[in-house]
Amino acid sequence: METVVIKNNQNIPLASIPVSDYEKFLLVNTSFVKESSFHCVSYYGVAVPEKLRLICCMADDDHGTIHVSSSLVDRQATLPSFTAHHLSFEKFEREIHENFGIAYPDHPWLKPVRFPFNRANHQSTIAHYPFFNSASEELHEVGVGPIHAGVIEPGHFRFICNGEQIMHMEIQLGFQHRGIESLFLEKKKLLQRATLAETIAGDTAVGHTTAFVNLWESLCNYTPDEDLQFARTLALELERIAMHTADLSALCTDVAYQLGSAVYGRLRTPIINYMQIWCGNRLSKGLIRPGKLNFPFTRDLGDQLSRLLDVYEKDFNEVSDNTFRLPSVLSRFEKTGVVTHGQITEIGAVGMAARMSNVRRDVRATHPHDLYAKLEHVPILKHHGDVYSRAQIRREEINQSIGYIRSLLRDIPGESKNRKPLGLPKANAFCISLTEGWRGEICHCAITDEHGEFVHYKIKDPSHHNWLALGLSVRNNEISDFPVCNKSFNLSYCGHDL
Amino acid sequence: MIEDIKIVMHQGKQFIPDVTAAKVPGIFRGRPVISQADVDEQALVELCPTGAIRSNPFSLDLGKCTFCGECAFANPEKVKFTSDYKLATNERENLIIKAGEDKPMGLNPDKIRKEIHEYFGGSLKLRQISAAGDNSCELELNACGNVNFDMGRFGIEFVASPRHADGIVITGPISENMAQPTQICYDAVPDPKIIILAGTDAISGGILAGSKALNRTFLDKYPIDLYVPGNPVHPLTFINGVLELIKSRR
Ligand code: SF4
């Protein structure tokens, strides 16, 4: 067997991951993606004495399993790429190239990913990114960023346009690189690591921290009490509601629908203020912790939340009915920024960016964690892959999340009175944790040494896959539609740059 | 149109009438109060994820604190977080809260540059630089301008270009990869100009302090006009801090 088959949040001995020849390793993993139910959730390199171990994790959404395989290659090897077989590996291989100097001669686009401080080639610097150049006298280029006009994170977009029409857009990232994966090894205290997880992407504090604590608890062979799982599930759905609402506000802003922008903008306030009522922080920092819950969820908090949702829902539906009916909004949303079903499967997009093009990818349904198995989540799918589909998904997912929260609130587990202490993480183990954040699939992987200490930590934000979807969406659109396309994806810069 | 008017009616008034006296809902972790209780201080020093707590004498540095609240859970007798959100100050040392202190924080008026009130007392345009910020402070700075907090009523706004700005607001710990863009942006702001650090990551690096991917040398070159602690900063903390900065007359 070339792979070991595991479940989400399962830990296994590192030695149980098969090591194959690179040719076999390539064949196995690139054959998986021929099935639409498979996609790559993480693929990365781990430095081992004198060699590089490549580890590939392929999720099988039909069976709720993950196939993990590996191969040992020379540090400066020249290898045939996975990408030549399936484009969805392109970013992973660029990362391996950037971090370790592995050469892939048949990779179509072996460009820097994030200019990490520990990159293999220090001659490659962020100020000298090799942009694609059309060398045409008819076409012109537009550069935007890294610092943008709004209060948002930095990244550089380079457009090649024919008049108003975008032919091509290249996205240069890396400005946000903070060395988070290395910090996971350097900072040894558990509280430091939970705090780090909260800052991977501060707008997804619950999502990333849930991935981390589930992974940590699995490594410690610790089954979280139901009240912990309840809090994580509830907080994930509240984070989804808050961020989807903010995104709908931003979408209205970009099509100049002022009322929608103001009303959605203010509707986010009661949700995040509720997080402050529950855990003292509007962005939920401090709430999710391994093996404990500093802010028990009480019956009284439940009552407050149901009253709040009743009021929210009424206002939300009123403004949504209007927004999604206005010709001036629809004409800007519909058929703008289309990414086809074929393109999405090809690039391996996840989360909303996949579901908008009828690709059923949602960890809550396919690899459920915490209380999602109980909720029997059915992903909401759209078919057109345009801004309108992405806006609709948010609207409908908000209503769906409200429904889930109501059903969770019917059965609030009491605070566990004899919480087991967290043990120590297993030695020489591997663990993978998938969580469906509001943007999509989050994946954390860890490897421990003979003392149970982290020797490797790998983080993947959904934005890792989805930035390319944004790049494709703007082709042949007017450059003036770029902002609304960008907002409709609302991808993470820091989650990507790490 | 009729539908729009209905929505406006149903929304009613959403703004906070007095942002200087508003109460925050819930258990917001604001200005801490530290008692003189004799406790195992070393245990708290070791607990804190960012080294914000020091012993002998006991103090808590809001410039490093991530407001995780763990110290207060571990030892409620020693550390209590109040809901006082007025945390901004213009002197780095003032962010360090000492045992036995329970007085409002604020700016030292003697240290506010004279031209700030003169030039910006009635209007302040800011250019925000997210220098490896995690998008939580950025979301809260955006919220400052929404219909609830409505910072625009004081003439304080974020603008698109440094050329239109009177100063910069930095969020994030400043990555190596953002060091040059930060400098270029600051240089493009016309004089006189101010620098505000918003959030723990910007003030000290927070949990990211010590990472080899950071380059914080920009901060050694210029005086900082305002420190706004928070993880992320609360809109009321930011607005009150900025108001105090531009309204104080020396
Ligand atoms: S609340 Fe602040 S001082 Fe207390 S442990 Fe957390 S980071 Fe340290």
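The values are calculated or read from the model by the stated rules, or taken from the named source; none is laboratory data. Because the structure is a prediction, the values reported are computed rather than measured. All Cβ positions, glycine included, derive from the backbone under ideal geometry; neighbour counts span all protein chains shown. Just so you know, the surface numbers come from the protein's heavy atoms only, side chains and all, with ligands and any DNA or RNA stripped out. Shrake-Rupley method; radii C 1.70, N 1.55, O 1.52, S 1.80 Å.
Which members of region A:318-339 meet the condition of being part of a helix (DSSP H, G or I), in contact (Cβ under 8 Å) with a residue 40 or more places away in the chain and more than 11 Å from chain B (Cβ to nearest Cβ)?
To start, the set of residues in region A:318-339 that are part of a helix (DSSP H, G or I) comprises A:318-323, A:327-333.
From what is left, the residues that are in contact (Cβ under 8 Å) with a residue 40 or more places away in the chain are A:319-320, A:322-323, A:328-330, A:332-333.
Once the filter is applied, which keeps residues that are part of a helix (DSSP H, G or I), in contact (Cβ under 8 Å) with a residue 40 or more places away in the chain and more than 11 Å from chain B (Cβ to nearest Cβ), region A:318-339 yields A:SER328, A:VAL329, A:LEU330, A:ARG332, A:PHE333.
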Practice problem: Please list, ordered by first then second residue, the pairs with beta carbon atoms under 6 Å, 6 or more apart or interchain, first in region A:392-410 and in contact (Cβ under 8 Å) with a residue 40 or more places away in the chain and under 19 Å from A:GLY437 (Cβ atoms), second in a helix (DSSP H, G or I) and open to solvent by 30 Å² or more (accessible area, probe 1.4 Å). | Solution: A:ILE402/A:GLU313
Quiz item: Any residue in region A:184-202 that is more than 9 Å from chain B (Cβ to nearest Cβ), in contact with a His (Cβ under 9 Å, 6 or more places away or on another chain), open to solvent by 10 Å² or more (accessible area, probe 1.4 Å) and assigned to a helix (DSSP H, G or I)?
Solution: yes
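Tell me which residues, restricted to region B:210-250, are part of a loop (DSSP other than H, G, I, E, B) and basic (Lys, Arg).
Filtering region B:210-250 for residues part of a loop (DSSP other than H, G, I, E, B) gives B:210-213, B:215-217, B:222-225, B:229-234, B:248-250.
The answer is B:LYS212, B:ARG216, B:ARG249, B:ARG250.
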Quiz item: Within region A:270-282, how many residues are closer than 21 Å to A:TRP216 by Cβ and open to solvent by 10 Å² or more (accessible area, probe 1.4 Å)?
Solution: 1
Exercise. Determine which single condition A:THR269 fails, assuming it passes every other condition in (1) in contact (Cβ under 8 Å) with a residue 12 or more places away in the chain; (2) at the interface with chain B (Cβ under 8 Å from one of its Cβ atoms).
Key: (1)
Quiz item: Looking only at region B:78-97, which residues are open to solvent by less than 30 Å² (accessible area, probe 1.4 Å), away from the ligand (no atom under 13 Å from the Cβ) and within 14 Å of chain A (Cβ to nearest Cβ)?
Solution: B:TYR85
Exercise. Output the number of residues of region B:185-204 satisfying the condition of being part of a helix (DSSP H, G or I), away from chain A (no Cβ under 13 Å) and open to solvent by 20 Å² or more (accessible area, probe 1.4 Å).
Key: 1
Quiz item: List pairs: first in region A:140-157 and facing chain B (nearest Cβ under 8 Å), second assigned to a strand (DSSP E or B), Cβ under 7 Å, 6+ apart or cross-chain?
Solution: A:PRO146/A:HIS156; A:ILE147/B:ILE129; A:VAL151/B:GLN128; A:VAL151/B:PHE158; A:ILE152/B:SER130; A:GLU153/B:SER130; A:PRO154/B:SER130
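Do we find that A:ALA135 is part of a loop (DSSP other than H, G, I, E, B), farther than 20 Å from A:HIS464 by Cβ and at pLDDT below 90 in this structure? Break it down into steps so the answer makes sense when it comes.
Values: part of a loop (DSSP other than H, G, I, E, B): yes; farther than 20 Å from A:HIS464 by Cβ: yes; at pLDDT below 90: yes.
Spelling it out, A:ALA135 is indeed part of a loop (DSSP other than H, G, I, E, B), farther than 20 Å from A:HIS464 by Cβ and at pLDDT below 90.
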Quiz prompt | Of all residues making up region B:122-179, the number that are of a type in the set (A, V, I, L, M, F, W, C) and more than 8 Å from every other protein chain (Cβ to nearest Cβ) | solution = 14
Practice problem: Consider B:ILE207 carefully, then state whether it is within 14 Å of chain A (Cβ to nearest Cβ), open to solvent by 30 Å² or more (accessible area, probe 1.4 Å) and assigned to a helix (DSSP H, G or I). | Solution: no
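Out of A:GLU198, A:GLU181, I need the residue that is among the acidic types (Asp, Glu) and away from the ligand (no atom under 16 Å from the Cβ). Which one?
Working: A:GLU198 fails: away from the ligand (no atom under 16 Å from the Cβ).
Of A:GLU198, A:GLU181, the one residue that is among the acidic types (Asp, Glu) and away from the ligand (no atom under 16 Å from the Cβ) is A:GLU181.
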Self-check item: Qualifying positions in region B:48-57 - open to solvent by 90 Å² or more (accessible area, probe 1.4 Å) and not in a loop (DSSP other than H, G, I, E, B)
Solution: B:ARG54
Practice problem: Return the pairs, sorted by first residue and then second, in which the second residue is among the small types (Gly, Ala, Ser) and open to solvent by 10 Å² or more (accessible area, probe 1.4 Å), the first residue lies in region A:371-386 and is free of Cβ contacts under 8 Å to residues at least 40 places away in the same chain, the beta carbons are less than 8 Å apart, and the residues are 6+ apart or on different chains. | Solution: A:HIS377/A:ALA365; A:VAL378/A:ALA365; A:PRO379/A:ALA365
Practice problem: Residue by residue through region B:35-47, note down the ones that are open to solvent by less than 40 Å² (accessible area, probe 1.4 Å) and in contact with a helix residue (DSSP H, G or I) (Cβ under 6 Å, 6 or more places away or on another chain). | Solution: B:LEU44
Self-check item: Among (1) within 11 Å of the ligand (Cβ to nearest atom); (2) within 14 Å of chain A (Cβ to nearest Cβ); (3) in contact (Cβ under 8 Å) with a residue 24 or more places away in the chain - the single one B:GLY63 does not satisfy
Solution: (2)
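Which ones in region A:64-83 are in a strand (DSSP E or B) and under 16 Å from A:HIS97 (Cβ atoms)?
Our first condition is that a residue be in a strand (DSSP E or B); within region A:64-83, this holds for A:65-74, A:78.
Those that are in a strand (DSSP E or B) and under 16 Å from A:HIS97 (Cβ atoms): A:SER71, A:VAL73, A:ASP74, A:THR78.
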Quiz item: Out of region B:3-34, which residues are at the interface with chain A (Cβ under 10 Å from one of its Cβ atoms), outside any loop (DSSP other than H, G, I, E, B) and open to solvent by 50 Å² or more (accessible area, probe 1.4 Å)?
Solution: B:GLU3, B:ILE5, B:LYS6, B:VAL8, B:HIS10
Quiz item: How many residues, within region A:381-411, are assigned to a helix (DSSP H, G or I) and open to solvent by less than 60 Å² (accessible area, probe 1.4 Å)?
Solution: 21
Exercise. Could you tell me whether any residue of region A:422-438 is surrounded by fewer than 24 Cβ atoms within 10 Å (Cβ to Cβ) and of a type in the set (Val, Ile, Thr)?
Key: no
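Going by the structure shown, is B:THR182 over 23 Å from B:LYS114 (Cβ atoms) and surrounded by fewer than 24 Cβ atoms within 10 Å (Cβ to Cβ)?
The answer is no for B:THR182.
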